[in-house]
Amino acid sequence: PLWLELFQHHLHVGGAAVATIQPELSWPRRRRLYRELFGHPGTFVVLAEREGVPVGYTLSHVRVGADDTWDTGDLIGEVETLVLTPSVRGRGLGSALLDATEAELARRGAHTVLIAVLAGNDQAQAFYERRGMRPTVTYRRRVGGAVRRERERTPTVRPAWSCRPRRS
């Protein structure tokens, strides 16, 4: 599947220094996510083909509910996946895919668009910046293992106030 093209790209550009899963486990997990998303009416795919052969796609969905911090409107469009085969990258197809995706999101009422970008994927980050998208959230991840602290200390926890019943 085309998803594995993106999985391999993530391995190539990823600077997260986090252990990855085997490729044969990736697609079943992604497919499970896609099935879950297609259980909601706002999910759709835009497919890019060259001579009848799929070379890329976006999978996107509309989330209902305004953001709790940003002025987003009541509907938020999220591009869950944007993937292109390496042979067609850098030829404007990503822009065409995202143009069509954003047009469909807008048609569905979502004028705020979110997309995640892997740390270390500088080309994708620059691509989205050129399209007017700005970083708003950075996820940090720790996979397994103990928490590493600069120095060990036990915090003192004191209540900021106390509540006692009043007697009348």
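We did not get these values from a lab; they are worked out from the coordinates using the rules stated. Given the structure is predicted, the values throughout are model-derived calculations rather than measurements.
The relative contact order of the stretch 1-94, computed from alpha carbon pairs under 8 Å that lie at least 6 residues apart in sequence, is 26 percent. Between the stretch 22-88 and the stretch 100-133, the C-alpha centres lie 12 angstrom from each other. Around the amide H of residue 63, modelled in the peptide plane, lie the amide H atoms of 76, 77, 78, all under 5 Å away and 5 or more residues distant in sequence or on another chain.
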